[in-house]
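Please read the structure below before turning to the comments.
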Amino acid sequence: MLELKSKIREIPDWPKKGVNFKDITTLLQDKDSFKQVIDLVTNPLADKEIDKIVGIDARGFLIAAPVAYKLNLGLAIVRKKGKLPYLTIEKKYILEYASNAIEMHQDAILKGEQIVLIDDLLATGGTALAACDLIEELGGVILETCFVVDLPFLNGSKKLKQKGYKVRSLVSYESE
């Protein structure tokens with residue numbers, strides 16, 4: 001088993017001073033590491049009754065799509081505001097160093113569908129919580145949230161757990 005953390009590039013002071021950005025592109029470029037990530041996300045889900053995988057814009061798509069494919073499931077996407085062409089629902093949120101809004105198509109999730117939410121990184125939890133709100137607004141039931149990287153010192157995983165969501169991550173950093 002490869003040490004995934006060693007494949008993640010850290011970029012200091014990006015996108016702003018004081019932020020030590022965790023760049024997973026280097027992990028994805030390595031075929032063995034990329035395969036390991038997809039397998040580690042997918043394998044625990046293989047025996048669960050899931051209707052759809054939801055991926056968050058943009059790097060979350062890179063993990064969510066192959067997971068959905070391997071599990072023979074549909075894929076729904078959460079995008080930044082203004083990127084989806086059909087009727088959408090929207091949620092505003094605050095993240096570690098900015099504020100934003102995300103959207104989903106109104107028909108992306110059917111009432112009662114069992115959902116696994118996937119993104120590349122969990123920091124303050126703003127994006128993930130907003131995505132959970134969108135999924136639930138459409139009637140979806142969130143079975144689990146899964147992230148490649150968790151930054152628990154920014155309290156995102158704590159906030160998700162406090163709202164009752166199961167949180168799973170592959171790599172954790174205890175400090176900036």
Restricted to the stretch 145-167 and to residues being charged (D, E, K, R) and surrounded by fewer than 18 Cβ atoms within 10 Å (Cβ to Cβ), the residue nearest to residue 61 (Cα to Cα) is 166
| Could you say whether any residue in the stretch 120-128 is of a type in the set (D, E, K, R) and over 11 Å from the mean Cα position of the chain (by Cα)? | no
Among residues of the stretch 82-99 being loosely packed, with under 15 Cβ neighbours inside 10 Å and at pLDDT below 95, the residue nearest to residue 50 (Cα to Cα) is 92
Whether any residue in the stretch 136-144 is closer than 23 Å to residue 38 by Cβ and assigned to a loop (DSSP other than H, G, I, E, B) is what I want to check. yes
For this session: Could you tell me whether the stretch 97-113 includes any residue that is touching a residue at least 60 places away in the same chain (Cβ under 8 Å), under 16 Å from residue 145 (Cα atoms) and not in a helix (DSSP H, G or I)?
Result: yes
Original post:
Out of curiosity, is residue 119 without any contact (Cβ under 8 Å) to a residue 40 or more places away in the chain, among the charged types (D, E, K, R) and either in a loop (DSSP other than H, G, I, E, B) or within 14 Å of residue 160 (Cβ to Cβ) (or both)?
Top reply: no
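Is it the case that the stretch 39-53 has a residue that's outside any loop (DSSP other than H, G, I, E, B) and in contact with a Ser or Thr (Cβ under 8 Å, 6 or more places away or on another chain)?
Applying the first criterion (outside any loop (DSSP other than H, G, I, E, B)) to the stretch 39-53 yields 39-45, 52-53.
Subset that is in contact with a Ser or Thr (Cβ under 8 Å, 6 or more places away or on another chain): none.
The answer is no, given that none of the residues of the stretch 39-53 is outside any loop (DSSP other than H, G, I, E, B) and in contact with a Ser or Thr (Cβ under 8 Å, 6 or more places away or on another chain).
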Of those in the stretch 51-61 that are out of contact with any Leu (no Cβ under 6 Å at 6 or more places or on another chain) and hydrophobic (A, V, I, L, M, F, W, C), the residue surrounded by the fewest Cβ atoms within 10 Å (Cβ to Cβ) is 58
Of the residues in the stretch 31-78, those that are over 18 Å from residue 143 (Cα atoms), in contact (Cβ under 8 Å) with a residue 24 or more places away in the chain and among the acidic types (Asp, Glu) number 2
Here the residues within the stretch 154-173 that are farther than 17 Å from residue 133 by Cβ, of a type in the set (A, V, I, L, M, F, W, C) and modelled with pLDDT of 95 or more are 170, 171
Among residues of the stretch 11-21 being in contact with a strand residue (DSSP E or B) (Cβ under 6 Å, 6 or more places away or on another chain) and either farther than 17 Å from residue 171 by Cα or at pLDDT below 95 (or both), the residue surrounded by the most Cβ atoms within 10 Å (Cβ to Cβ) is 21
Cβ pairs under 8 Å, 6+ apart or interchain, first in the stretch 156-176 and under 19 Å from residue 42 (Cβ atoms), second part of a loop (DSSP other than H, G, I, E, B), ordered by first then second residue, are 171/8
Does residue 127 meet the test of being buried (at least 21 other Cβ atoms within 10 Å of the Cβ), of a type in the set (S, T, N, Q), part of a helix (DSSP H, G or I) and out of contact with any Asp or Glu (no Cβ under 6 Å at 6 or more places or on another chain)? yes
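The values are calculated or read from the model by the stated rules, or taken from the named source; none is laboratory data. Being a predicted model, the structure only gives us computed values, none of them experimental. Note that each Cβ is placed from the backbone with ideal geometry, even for glycine, and that neighbours are counted across all protein chains shown.
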